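Visitor: So that we are looking at the same thing, I have put the structure below in structure tokens.
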Amino acid sequence: MPSPFVYWKSRAVKRGAALTDLKGVDKVYELNDGESYEHRFPTSAAFRFNPEFKRDTELVDSFLNVNGMLVCSQRLKDFIASHQPSKVEYLPVAIHDLKGKVVCAPYFIVHPIDPVDCIDLATSDVVWSELDSTTFLFVRHLEIDAAKVPADRILFRAKAHNEETILRREFALAIAQAGFTGTGWMEIA
């Protein structure tokens, strides 16, 4: 039986732009840590089209990016917000094209905060970081304990494994059926 959860993995789209890392935010790692940025996100925060892919300049709904963040179009952000996920912020971010001009479409970082303590350590196969005893260095197999995930957490990060965004499978299917570009999923196990 498949897990009721999947990882969000933005995927490449033919001619779709990919982005470099986020600029204008001093401590980008705090975003992955699930810290709230709603009242302190800088207006100067921006991504740029990746210059390694000069021909790939079309706008998509979910951008591949170096930071692995959910960089979403207004349309995708509104779809996500309409499902009322709890503990999710929508941080407006500029995107610059290869010439340095801001693209006109509004984009947002869909930012899950307050990671959920939901990993079943008894059935998962992980190696803990020696530098940070609260996070995994390496994951061979991961199991989410669904009973530990509140029903309103349809999009979240897990404690100790915060570099990945997790969503409920049925929500991923709803996004896929809506036809957004650049969205993709990966099985957790």
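Visitor: Return the pair list, or none, for Cβ contacts closer than 9 Å from residues in the range 157-172 that are closer than 16 Å to Met69 by Cα and in contact (Cβ under 8 Å) with a residue 40 or more places away in the chain to residues that are in a strand (DSSP E or B) and among the basic types (Lys, Arg), at least 6 apart or on different chains.
Guide: Glu163/Arg157; Glu164/Arg157; Thr165/Arg157; Ile166/Arg157
Visitor: With the requirement that a residue be touching a strand residue (DSSP E or B) at 6+ places or on another chain (Cβ under 9 Å) and surrounded by fewer than 18 Cβ atoms within 10 Å (Cβ to Cβ), what does the range 100-111 give you?
Guide: Within the range 100-111, Gly100, Val102, Val103, Ala105, Pro106 qualify.
Visitor: Let me ask something else about it. I'd like to verify a number: residues in the range 17-70 that are more than 20 Å from Leu98 (Cα to Cα), open to solvent by less than 20 Å² (accessible area, probe 1.4 Å) and among the hydroxyl-bearing types (Ser, Thr, Tyr), how many?
Guide: So the count comes out to 1.
Visitor: Do we find a residue being in a helix (DSSP H, G or I) and modelled with pLDDT of 95 or more anywhere in the range 86-102?
Guide: No - not one qualifying residue is present in the range 86-102.
Visitor: Give the residue that is farthest from the chain's Cα centre (by Cα), with candidates limited to residues of the range 43-81 that are assigned to a loop (DSSP other than H, G, I, E, B) and within 26 Å of His161 (Cα to Cα).
Guide: Taking the candidates together, the pick is Ala45.
Visitor: A follow-up question, please. How many residues does the range 143-155 hold that are touching an Asp or Glu at 6+ places or on another chain (Cβ under 8 Å) and within 21 Å of Gly184 (Cα to Cα)?
Guide: The total comes to 2.
Visitor: Let me ask another. Name, by its number, the condition in (1) touching a residue at least 24 places away in the same chain (Cβ under 8 Å); (2) within 20 Å of Val149 (Cβ to Cβ) that does not hold for Leu19.
Guide: Single failed check for Leu19: (2).
Visitor: Which residue, of Ala81, Ala46, is more than 19 Å from Thr183 (Cα to Cα) and either at pLDDT 95 or above or among the β-branched types (Val, Ile, Thr) (or both)?
Guide: From the options Ala81, Ala46, the qualifying one is Ala46.
Visitor: Exactly one of these conditions fails for Ile95: (1) touching a residue at least 60 places away in the same chain (Cβ under 8 Å); (2) surrounded by fewer than 16 Cβ atoms within 10 Å (Cβ to Cβ); (3) more than 14 Å from the chain's Cα centre (by Cα). Give me its number.
Guide: Status for Ile95: all satisfied but (2).
The values are calculated or read from the model by the stated rules, or taken from the named source; none is laboratory data. Being a predicted model, the structure only gives us computed values, none of them experimental. Positions of Cβ are backbone-derived with ideal geometry, glycine not excepted, and every protein chain shown enters the neighbour counts. Accessible surface areas use protein heavy atoms only, side chains included; no ligands, DNA or RNA. Shrake-Rupley method; radii C 1.70, N 1.55, O 1.52, S 1.80 Å.
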